[in-house]
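Here the structure comes first, spelled out in structure tokens, and everything after it is commentary.
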Amino acid sequence: MSLYRFSSPATFYALAGRMAPWFAGAAAILAAIGLWTGLVVAPTDFQQGEAYRIIFIHVASAWMSMFIYLVMAFWSIVALSFNTRLSAMLAQALAPTGAWMTFIALWTGSLWGRPTWGTYWAWDARMTSELILLFLYFGVIALRNAIDDARRADRACGVLTIVGAVNIPIIYYSVQWWNTLHQGASVSPTGSKMNTIMLTGMLVMAVAAWLYAIAVALWRVRAIILERERGSAWIEELPGMVRA
Amino acid sequence: MSTVAATALNEPDHGVFSAIRWAVAHDLRVALRSRAELAVQLLFYVIVVSLFPLASSPDRALLAALGPGVLWVAALLASLLALPRLFASDFADGTLEQVAMSPYPLPALVGGKALAHWLTTGLPVVVLAPILGLQYALDADVLKVVVLALLIGTPILSLLGGIGAALTLGARGGGGLLALLILPLYVPVLIFGAGAADAFRAGLSVSPNMSLLGAALLVALVGAPFAMAAAVRIAID
Amino acid sequence: MLEAIDITARRGTAVLFNRLRLRVEPGRALLVTGRNGSGKTTLLRVLAGLTQPDDGAVTLNGSATGAMRAHIAFAGHAAALKDELTVEENLRALAELGGETVTHDALSSALGTVDLAGQRELPARTLSAGQRRRVTLARLALLPRALWLLDEPATALDTTGIGVLAELVTQRLRAGGIVVAATHQPLEWPPDRADSLALS
């Protein structure tokens, strides 16, 4: 049994339908554990009081925002190299989730900033980088919508995603570079030794976010497959399909 | 000897340098025939830079702090304004097809187009910057830093912008879509470029900024032509 | 020899051609006919390597056409003329883009063949549609390639122009070249050297 079997949209459609609920369920369970750890069990922070608890969502979404983009870039490279449809559809399915994660990271980061620094927004390296990342996602989604032909859109978005991926190391390392350029960096949550319970809560939430992203991407790619493969015989055979 | 020479003469040179030379010569010739259009773009740059002191207070310290940033943002906008010109008319009149069918390497041809774009858009901005910078009460040393940063940065804008221009050929949304695609790529250039002047004014070394800009230019020089070529082939498919 | 093996092209959900095979020997021409929208232009662009087929491959003398650009001249719908440049500058630029070094005499000869010697110094924006098409013919005269791909070459040409086109094509065929043309009008090419392919 070759793995190539799954590169056909029809086969993957069925596989994704079976896998997605498991990922969603696991994500829900882990999220419950993570949130309980973070909101109930973890102790009050010495400096920041209760407000710090938002990092349990913030850090998970920020990590995912960058990770999803890298996965998108990976599938784009595969799609452009092997001219496969499914890899391009997977990249297409990931973009909205990545954008959401970035938005949540920015939103929660902003909410955290208010009690911590006294302002909702500061043009520091991290926030600016996340904003750039959000625009990268918007750009890929906008380009997809602006090109009518699906295959052309696949290739153009693939090139754009890969070019944008060059930005990711810049975004990641700008945090360090900013410290050398502007002394007096803002609070770093991963710097100082962290309470074990807090760390555990954060990691659990990160994994939960990852599983959630996989589940949502699988569901979304099913919708994309249906839309792009419409007219194919195997779709007509699906249970619940109404023949036009 | 004559056979070798004859072979050398008959063997067409499809090399990178000839390709760049063809593209620069062709695009410059076309651009210089519509001098009015070029002048309008430069005028736009001048106007944008001159608007800010009018809109904010004439406080010298404030202007000096704003100056480098404004010069950079205006350079960005001027580059964006000129980007559709890079591929759109070639796409419409069939030249881009011929470029893609040329035996010359496509990355070299589009790289040459980006170079021509910089010569008509970026280089004039660099030349005008010191004169316009006087409006912002910037002293000579700061201006030198700004000009050097622009000199390294504006080619990056032309190269990265060319990728966006090629990707949006035949897509709906025009200039707005192009701006959305390019902005995330431009912003780091803007931050490090304008930041050089800020660092200088704060008494810090400018070499981290300049090194990063230089590195970005190298990456753009090596990578952007291939990305542009890929985008062009996708657009004419 | 030009060979297309099982090429398939779709536009959206419509299939333009499915597992099409063709072979054209040196010295022969192929006329591709069909209604508008039947895929003539797409076929030509697939042969040129501009458009990727959904399936199949095209080779010229054994190598993929994408790698054989030095041996192909493509004339699409648009004449690739810059309005701001003169006829001579346009012609020289296009010929050089194709990798040829053109002398002043070669340009004069080409322009004379298509009866545009008088318009040499004029900007291309002053040309009529027929004259623009004749510049394309002059370009072809400067590019003696193994394969000519022509998309509706007789558009806007008068009888003299069609005669010049036929003469250029005949010379190319006699020299061992291959000419493929998409057309919906009669071209007066030597019938003993031309085959026909109808797309539906």
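A few points about this structure:
- Residues (surrounded by 15 or more Cβ atoms within 10 Å (Cβ to Cβ) and part of a helix (DSSP H, G or I)) located in the range A:108-128: A:Thr108, A:Gly109, A:Ser110, A:Leu111, A:Trp112, A:Gly113, A:Thr116, A:Ala125, A:Arg126, A:Met127, A:Thr128
- Residue check, C:Arg35 buried (at least 17 other Cβ atoms within 10 Å of the Cβ) and of a type in the set (D, E, K, R): no
- Among the candidates C:Val135, C:Val164, C:Val180, residue that is in contact with a Lys or Arg (Cβ under 8 Å, 6 or more places away or on another chain), touching a residue at least 24 places away in the same chain (Cβ under 8 Å) and β-branched (Val, Ile, Thr): C:Val164
- Taken residue by residue, the range C:153-162 has at least one member that is under 24 Å from C:Val46 (Cβ atoms) and crowded, with 21+ Cβ neighbours inside 10 Å.
- From the list A:Met72, A:Met64, the lone residue that is closer than 27 Å to A:Trp36 by Cβ, among the aliphatic types (A, V, I, L, M) and assigned to a helix (DSSP H, G or I) is A:Met64.
- Residues that are more than 7 Å from chain B (Cβ to nearest Cβ) and in contact (Cβ under 8 Å) with a residue 40 or more places away in the chain within the range A:161-172 comprise A:Thr161, A:Ile162, A:Ala165, A:Ile168, A:Ile171, A:Tyr172, listed in sequence order.
- Hits in the range B:222-237 - residues which are hydrophobic (A, V, I, L, M, F, W, C), more than 7 Å from every other protein chain (Cβ to nearest Cβ) and surrounded by fewer than 24 Cβ atoms within 10 Å (Cβ to Cβ): B:Val222, B:Phe226, B:Ala229, B:Ala235
- The sole residue among B:Leu183, B:Leu169, B:Leu190 that is without any contact (Cβ under 8 Å) to a residue 60 or more places away in the chain and within 11 Å of chain A (Cβ to nearest Cβ) is B:Leu183.
- Candidates in the range C:74-131 are the residues that are in a helix (DSSP H, G or I) and β-branched (Val, Ile, Thr); of these, the one that is farthest from the other protein chains (Cβ to nearest Cβ) is C:Thr113.
- Taking (1) more than 10 Å from chain A (Cβ to nearest Cβ); (2) of a type in the set (A, V, I, L, M); (3) without any contact (Cβ under 8 Å) to a residue 60 or more places away in the chain in turn, B:Leu212 satisfies each apart from (1).
- Of all residue pairs spaced 6 or more apart or on separate chains, those with beta-carbon atoms under 6 Å, a first member in the range A:101-121 that is closer than 27 Å to A:Leu211 by Cα and a second member that is small (Gly, Ala, Ser) are A:Met101/A:Ser61; A:Met101/A:Ser65; A:Thr102/A:Ser65; A:Ile104/A:Ser61; A:Ala105/A:Ser61; A:Ala105/A:Ala62; A:Ala105/A:Ser65.
- Counting only residues that are touching a helix residue (DSSP H, G or I) at 6+ places or on another chain (Cβ under 6 Å) and more than 15 Å from B:Ala100 (Cβ to Cβ), the range C:60-84 holds 5 of them.
- Among the residues of the range C:168-181, not a single one is farther than 14 Å from C:Arg28 by Cα and within 16 Å of the chain's Cα centre (by Cα).
Residue-by-condition table, conditions (1) within 9 Å of chain B (Cβ to nearest Cβ); (2) out of contact with any Phe, Trp or Tyr (no Cβ under 8 Å at 6 or more places or on another chain); (3) within 17 Å of A:Ser87 (Cα to Cα):
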position	(1), (2), (3)
A:Gly118	no, yes, no
A:Ala122	no, yes, no
A:Glu130	no, yes, no
A:Phe135	yes, yes, no
A:Leu143	yes, yes, no
A:Ile147	yes, yes, no
A:Ala150	no, yes, yes
A:Arg155	yes, yes, yes
A:Val159	yes, yes, yes
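- Hits in the range C:25-56 (condition: in a loop (DSSP other than H, G, I, E, B) and of a type outside the set (Gly, Ala, Ser)): C:Glu25, C:Pro26, C:Arg28, C:Arg35, C:Asn36, C:Leu50, C:Thr51, C:Gln52, C:Pro53, C:Asp54
- Single residue of B:Leu42, B:Leu109, B:Leu143, B:Leu83 found to be crowded, with 16+ Cβ neighbours inside 10 Å and at pLDDT 95 or above: B:Leu109
- Positions within the range B:28-82 being among the hydroxyl-bearing types (Ser, Thr, Tyr) and within 14 Å of the chain's Cα centre (by Cα), in sequence order: B:Tyr45, B:Ser79
- Which listed residue, of B:Gly69, B:Gly111, is over 30 Å from B:Asp198 (Cα atoms) and not acidic (Asp, Glu): B:Gly111
- Looking across the range C:48-94, just one residue is modelled with pLDDT under 90, buried (at least 20 other Cβ atoms within 10 Å of the Cβ) and farther than 24 Å from C:Pro26 by Cβ, and that is C:Ala79.
- Counting residues in the range B:64-86 that are hydrophobic (A, V, I, L, M, F, W, C), assigned to a helix (DSSP H, G or I) and either closer than 30 Å to C:Gly66 by Cα or within 14 Å of chain C (Cβ to nearest Cβ) (or both) gives one or more.
- Residues (facing chain C (nearest Cβ under 7 Å), at pLDDT 90 or above and either under 16 Å from B:Ala108 (Cβ atoms) or surrounded by fewer than 14 Cβ atoms within 10 Å (Cβ to Cβ) (or both)) located in the range B:10-35: B:Trp22, B:His26
- Qualifying residue in the range C:2-24 (condition: at pLDDT 85 or above, surrounded by fewer than 17 Cβ atoms within 10 Å (Cβ to Cβ) and either in contact with a helix residue (DSSP H, G or I) (Cβ under 8 Å, 6 or more places away or on another chain) or in a loop (DSSP other than H, G, I, E, B) (or both)): no
The values are calculated or read from the model by the stated rules, or taken from the named source; none is laboratory data. Fair warning: this is a prediction, and the values are worked out from it, not measured in the lab. Positions of Cβ are backbone-derived with ideal geometry, glycine not excepted, and every protein chain shown enters the neighbour counts.
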